[in-house]
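The values are calculated or read from the model by the stated rules, or taken from the named source; none is laboratory data. Not measured: the values here are computed from a predicted model. Here Cβ is always computed from backbone atoms with ideal geometry, including for glycine, and neighbour counts include all displayed protein chains. Note: areas computed on protein heavy atoms with side chains; ligands, DNA, RNA excluded. Shrake-Rupley method; radii C 1.70, N 1.55, O 1.52, S 1.80 Å.
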Amino acid sequence: MPSILIVGGGPAGLSAAIYAARAGIQTTVLYKDGGALDKTDKIENYFGFADVISGPELLARGRAQAARLGAQLTQAEVTGVEYAEKGFSVKTTAGSYAADAVILATGAPRATPRIAGVRELEGRGVSYCAICDAFFYRGKAVAVLGEGEYALEEARTLLPVVGSVTLLTDGAPAPDGLPEGLRVDERPVTAIEGEDKVARVAFQSGDPLAVDGVFIAYGTAGSSDFARKLGAQLDGNKIQVGEGGATAVPGLFAAGDCTGGLLQVAKAVSDGAQAAMSAIKFARQA
Ligand SMILES: Cc1cc2nc3c(=O)[nH]c(=O)nc-3n(C[C@H](O)[C@H](O)[C@H](O)COP(=O)(O)OP(=O)(O)OC[C@H]3O[C@@H](n4cnc5c(N)ncnc54)[C@H](O)[C@@H]3O)c2cc1C
C-alpha cells in the first residue's frame, strides 16, 4: 500500500492526514506535542465555529477525526529525514519509519539563537547541517550547540568523520544517552569568535574552547532543518513550496506555518489538504 508520513500533528499535518487516510493511503502522523494550537486560548476566526473554541479543543477534535479515518498518530520527536533506497526513512525517538512520500508540517520555523557571532560566521564555520558539512571538518575539532535529541543526532553524524565533537549545552544539564566519544561542556555560551572563520567558542566563565566549526542544533529539529538537509529550497527559515506544497525534492512536501505566509489555522488546513493531494499522487506512482 502506498504510504505517506507526516511530520507534525498541528492543523496542517492533521488536515493532510485526513485527506491521505480517506484516499486509502497508509498514513502516519508523528508529532512531538500540541504545537501552536496548544498555546492558543481562544479561536474565533476559524470557519464553522459560531462560538469561540479553544486551541486544545480544536486540536483534540482534529486528532480524533484523523484517527477515526484511519491515520496512525504517534507521539515521537523526529530527529532526521533521509533518502532511503525507496522513498524516505524518518528517524524518531521511537524508532525509524519508512514512507513513499513525506509531508513536513512542524509549524513556525525556529529562531536563530541570539549568540554573538552566529549570524556573522554562518557558512564560515557555523553550520546547521551535520550530514551536509561533516566532510569539511575531517580530523578537525567541532562543537554542537544544543542539548536535546536533535543535538545528539547531529553529534552521532559527526563523530565518525571529524577529529573531536564537544556538545555545548549552553547552561542546560547534559542529556542522557551520550554517544561514546562525545565530550560535553555545560557552561553558558557567550560568543562564537574568529576573524574570517570560526576559531573558538567563548563562555561566561573560564577558558574558551578552540574549534574549527560549530553546528547549531538547539531544541527540536523543525521542517526547515529536514528540508535543508534533503536539498529543498529555503527562504530564510521558511520552506519554499510550489503548487500543491511541493518542495524542490521529489516526494517531499510542506504545509502550514513552516512555509511562511499567513500564520493562521485556515491557511494551515488548506496547505495540508493541498500537500496531501500532491503526496497521494506521488505515493501512488512510487
Ligand atoms: C498564542 C497563539 C494564538 C494564535 N491564535 C490564532 C487564532 O486566533 N486564529 C488562527 O487561525 N491562528 C492562530 N494562531 C496560529 C495557529 O495556531 C497556527 O497558524 C497553526 O497552528 C499552524 O499550524 P501548523 O500545523 O503549521 O503548526 P503547529 O500547529 O505549530 O503544529 C506543529 C506540529 O509539529 C510538531 N513538531 C514540531 N517539530 C517536531 C519534530 N521534530 N518531531 C515531531 N513533531 C514535531 C509539533 O509537535 C506540532 O504537532 C495562534 C498561534 C499562537 C501561538
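Please report, ordered by residue number, the strands (runs of 3 or more DSSP E) entirely within region 21-85 with at least 1 residues that are over 26 Å from GLU149 (Cα atoms) and more than 7 Å from the ligand (Cβ to nearest atom).
On the way: elements: 26-31, 72-75, 78-83.
Of the strands (runs of 3 or more DSSP E) lying wholly inside region 21-85, those with at least 1 residues that are over 26 Å from GLU149 (Cα atoms) and more than 7 Å from the ligand (Cβ to nearest atom) span 26-31.
Condition check ((1) at pLDDT below 95; (2) within 30 Å of ALA191 (Cα to Cα); (3) under 15 Å from the mean Cα position of the chain (by Cα)) across all residues:
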{"position": "VAL102", "(1), (2), (3)": "no, no, yes"}
{"position": "ALA108", "(1), (2), (3)": "yes, yes, yes"}
{"position": "ALA111", "(1), (2), (3)": "yes, yes, yes"}
{"position": "GLU122", "(1), (2), (3)": "yes, yes, no"}
{"position": "SER127", "(1), (2), (3)": "yes, yes, no"}
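Determine if region 146-153 includes at least one residue that is away from the ligand (no atom under 16 Å from the Cβ) and over 22 Å from PRO208 (Cβ atoms). Give the derivation first.
Here is the first cut: in region 146-153, the residues away from the ligand (no atom under 16 Å from the Cβ) are none.
No, the conditions are met nowhere in region 146-153.
Only one residue in ARG110, ARG114, ARG124 is out of contact with any His (no Cβ under 6 Å at 6 or more places or on another chain), closer than 30 Å to VAL241 by Cα and within 16 Å of the ligand (Cβ to nearest atom), so which one is that? Even if it seems obvious, please write down each step before you answer.
Numbers: ARG114 fails: within 16 Å of the ligand (Cβ to nearest atom); ARG124 fails: within 16 Å of the ligand (Cβ to nearest atom).
Of ARG110, ARG114, ARG124, the one residue that is out of contact with any His (no Cβ under 6 Å at 6 or more places or on another chain), closer than 30 Å to VAL241 by Cα and within 16 Å of the ligand (Cβ to nearest atom) is ARG110.
Answer yes or no as to whether GLY62 is open to solvent by 20 Å² or more (accessible area, probe 1.4 Å) and touching a residue at least 12 places away in the same chain (Cβ under 8 Å).
Details: open to solvent by 20 Å² or more (accessible area, probe 1.4 Å): no; touching a residue at least 12 places away in the same chain (Cβ under 8 Å): yes.
Against the criterion (open to solvent by 20 Å² or more (accessible area, probe 1.4 Å) and touching a residue at least 12 places away in the same chain (Cβ under 8 Å)), GLY62 does not qualify.
Search region 231-252 for residues being within 13 Å of the ligand (Cβ to nearest atom) and open to solvent by less than 30 Å² (accessible area, probe 1.4 Å), and hand back the single one that is nearest to VAL81 (Cα to Cα).
Per the criteria, the residue is ILE239.
Every residue in region 35-63 that is basic (Lys, Arg) and under 26 Å from the mean Cα position of the chain (by Cα), please. Working first, answer last.
The initial filter retains those residues of region 35-63 that are basic (Lys, Arg), namely 39, 42, 61, 63.
Answer for region 35-63, where residues must be basic (Lys, Arg) and under 26 Å from the mean Cα position of the chain (by Cα): LYS39, ARG61, ARG63.
Is it the case that some residue within region 144-162 is part of a strand (DSSP E or B) and either of a type in the set (Gly, Ala, Ser) or open to solvent by 20 Å² or more (accessible area, probe 1.4 Å) (or both)? Lay out the reasoning, then the answer.
Step one: of region 144-162, the residues part of a strand (DSSP E or B) are 144-145, 162.
With either of a type in the set (Gly, Ala, Ser) or open to solvent by 20 Å² or more (accessible area, probe 1.4 Å) (or both) added as a condition, the list becomes none.
Checked against the condition, which is being part of a strand (DSSP E or B) and either of a type in the set (Gly, Ala, Ser) or open to solvent by 20 Å² or more (accessible area, probe 1.4 Å) (or both), region 144-162 yields no hits at all.
For SER96, all conditions in the list (1) in contact with a strand residue (DSSP E or B) (Cβ under 7 Å, 6 or more places away or on another chain); (2) surrounded by 14 or more Cβ atoms within 10 Å (Cβ to Cβ) hold save one; what is the number of the exception?
(2)
So, in region 202-230, how many residues would count as being without any contact (Cβ under 8 Å) to a residue 60 or more places away in the chain and either closer than 20 Å to LEU152 by Cα or within 16 Å of the ligand (Cβ to nearest atom) (or both)? Walk me through how you get there before you give the answer.
First, pick out the residues of region 202-230 that are without any contact (Cβ under 8 Å) to a residue 60 or more places away in the chain: 202-208.
Add one more test, that the residue is either closer than 20 Å to LEU152 by Cα or within 16 Å of the ligand (Cβ to nearest atom) (or both), and what stays is none.
Of the residues in that region, 0 qualify.
Which residue out of ILE280, ILE192 is in contact with a Gly (Cβ under 7 Å, 6 or more places away or on another chain) and more than 12 Å from the ligand (Cβ to nearest atom)?
ILE192
Run down ALA273, ALA191, ALA210 and say which single residue is under 23 Å from ALA20 (Cβ atoms) and either of a type outside the set (Val, Ile, Thr) or buried (at least 22 other Cβ atoms within 10 Å of the Cβ) (or both). Outline the logic, then answer.
Values: ALA191 fails: under 23 Å from ALA20 (Cβ atoms); ALA210 fails: under 23 Å from ALA20 (Cβ atoms).
Residue meeting the stated conditions: ALA273.
Is there a residue in region 168-181 that is touching a strand residue (DSSP E or B) at 6+ places or on another chain (Cβ under 9 Å) and assigned to a strand (DSSP E or B)? Please lay out each step first, then the result.
Keep residues of region 168-181 that are touching a strand residue (DSSP E or B) at 6+ places or on another chain (Cβ under 9 Å), which gives 168-171, 174-175, 178-179, 181.
Now narrow it down to the ones that are assigned to a strand (DSSP E or B): 168.
Looking through region 168-181, at least one residue is touching a strand residue (DSSP E or B) at 6+ places or on another chain (Cβ under 9 Å) and assigned to a strand (DSSP E or B).
For region 234-259, enumerate the residues that are at pLDDT 95 or above and either of a type in the set (Lys, Arg) or in a loop (DSSP other than H, G, I, E, B) (or both).
GLN240, VAL241, GLY242, THR247, ALA248, VAL249, PRO250, GLY251, ALA255
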